[in-house]
Amino acid sequence: MPATALAAAAPPVTTSSAASSVSTVGLLSSVPAPAIAARAWVAIDLTSDQVLAEDRADDRVEPASLTKVMTAYLVFNALKEKRLSLGQSVAVSHKAWRTGGSRMFIEPRKPVTVEELIRGMITQSGNDATVALAEAVAGSEDAFVALMNQEAARLGLKNTHFTNSTGLPDPQHVTTVRDLALLAKRLIQDHPDFYGYYKEREFTYNKITQPNRNRLLWVDPSVDGMKTGHTEAAGYCLIASAMRGDRRVLTVLVGAASENARTQESLKLLNWGFQNFDTVRVYEANQAVVEPKVWKGNASKAKLGSRSAIWVTVPRGQAGNVKSTVERTDPLVAPLQAGQQVGTLKLTLNDKPVREVPLTVLEPVDVAGIFGRAFDAVRLWFN
């Protein structure tokens, strides 16, 4: 189902101090997740940032060419920061030229641009293009790999370690489908201007046309990316992302038995995720969720909410049963800075926690004058 605004008013807010663990929303559905023939997988609604279902999502696996999502992320960072440009010519090293596996067929002493290399890496999964881009960003693949691991740590990929830019087999080159989902999500969100490369069905370079190995681009028109991978150790792998209405669902699957299997199993997950859940907007961006009292401030209340709209995904037809509770700092004492987190919104469905969202101060509250502070200090003492 498409994402929609919640038809009724936002659910009433109560305050609570009880800790809770967010449920995988698929466990609350009357239609269970389909059986998936793969080593590990996860399905996520990116609109609400909720896990729909997962299996062995934290098992360490070799990512094969799914590695190139991190390579692309760093290349896109360099483009955004103007350390590279799309039309920039890149010298092809002998190391890049000789890299084995899938290839774009670049050649030393033959001009190639950054954009051509990006398309060769994404559409053709060219290992030679990938190494050339790594060298363009960092000077050498080894230096680029160090950047990959630094970025993995910054993004919170807790079970990921890279040893190369391409995904060529290495027992120390590992990740999880959960980490890959987080990485793919960040690429889509942080680099929307470059994400369109992932929907190209074919690319021609050096008079050689190669199709995108992501067969979902032909099977399902809502699929607009992302990346395939395959090695003997990793099996057949696929990160797939689809947009239907306002909802985006992302799946990550590794260890399928064949190219056809990874396509069909991923499509099965995408269809289940779209057909059996609603994603609804509970609060608008910058809407006050609560307005608690502020002590020693030049305003009596603070507006707490989120800079972005708050969405929640629930089993189809269950949006009306969503309830909200807020845990927050108490008492709130000025000064309060805009963007300062002072609480958490907890959304539940039939008493099961489904999502938690940080609540921040929407408008700053400065300290009151000396008399106002003194008056509140006395009142706080008696409270």
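Worth pointing out:
- When all protein chains stay in place and ligands, DNA and RNA are ignored, the 1.4 Å accessible-area order of 89, 266, largest first, is 89, 266.
- Net charge in the neighbourhood of residue 77 (other residues with Cβ under 12 Å of its Cβ; Lys, Arg +1, Asp, Glu -1) is +2.
- Summed over qualifying helices (DSSP H, 4 residues or more, each -39500 (n - 2.57)) and divided by its residue number, the chain shows a 222 nm mean residue ellipticity of -8500 deg cm²/dmol.
- For region 90-161, the relative contact order works out to 28 percent when only alpha carbon pairs closer than 8 Å and six or more residues apart are counted.
- Under Karplus coefficients 6.51, -1.76 and 1.60, residue-wise ³J(HN,Hα) of region 282-294 in Hz, glycine/proline x: 8, 9, 6, 4, 6, 7, 5, 7, 9, 10, x, 5, 10
- Ratio of Rg to Rh over the chain (Cα coordinates, Kirkwood Rh, two decimals): 1.06
- Student exercise, the chain dipole from Lys, Arg, Asp, Glu Cβ charges, in Debye to nearest 20: 360 debye
- Region 77-149, accessible area per residue, ligands and nucleic acids excluded (1.4 Å, Å²): 43 Å²
- For region 79-148, GluC sites (Glu not before Pro) meeting the loop criterion (DSSP other than H, G, I, E, B) and having at most 15 other Cβ atoms within 10 Å: 81.
- Between residue 297 and 334, 368, the built amide H atoms are under 5 Å apart, and every one of these is 5 or more places off in sequence or on another chain.
- Counting only alpha carbon atoms, the long axis of helix 370-382 and the longest principal axis of the chain meet at about 80°.
- Each residue of region 97-114 is assigned a 3J(HN,Hα), and the resulting list reads 4, 8, 4, x, x, 4, 9, 8, 6, 6, 9, x, 6, 10, x, 8, 9, 4 Hz, derived from the Karplus form 6.51 cos²θ - 1.76 cosθ + 1.60 (θ = phi - 60°), x at Gly and Pro.
- Long-range amide H partners of residue 46 with built H, under 5 Å: 248, 249, 250
- Degrees, to the nearest 10: 177-190 long Cα axis against longest axis of the chain: 80 degrees
- Phi-based couplings in Hz for region 67-80 (Karplus 6.51, -1.76, 1.60; Gly and Pro marked x): 3, 5, 5, 5, 4, 4, 4, 6, 5, 5, 4, 4, 5, 4
- Counting Lys and Arg as +1 and Asp and Glu as -1 over every other residue whose Cβ lies under 15 Å from the Cβ of residue 165, the net charge comes to -2.
- Cross-linked pairs 68/199; 293/346; 158/303; 158/323: Cα-Cα separations exceed 23 Å for 158/303; 158/323.
- Accessible surface ranking that places the most exposed of 352, 110 first, with a 1.4 angstrom probe: 352, 110
- On the chain, 51 percent of the accessible area sits on carbon and sulfur atoms, based on a 1.4 Å probe.
- Across the chain, C-alpha contacts under 8 Å between residues 6 or more apart give a mean separation that, scaled by the residue count, equals a relative contact order of 21 percent.
- Surrounding net charge for residue 239, when Lys and Arg each add one and Asp and Glu each subtract one, Cβ distance under 11 Å: +4
- Gyration tensor (alpha-carbon) shape descriptor, region 161-227, a/c threshold 1.5: oblate
The values are calculated or read from the model by the stated rules, or taken from the named source; none is laboratory data. Values in this document were obtained by computation on a predicted structure and should not be read as measured data. Neighbour counts run over all protein chains shown; Cβ positions are idealised from the backbone, glycine included. Note: areas computed on protein heavy atoms with side chains; ligands, DNA, RNA excluded. Shrake-Rupley method; radii C 1.70, N 1.55, O 1.52, S 1.80 Å.
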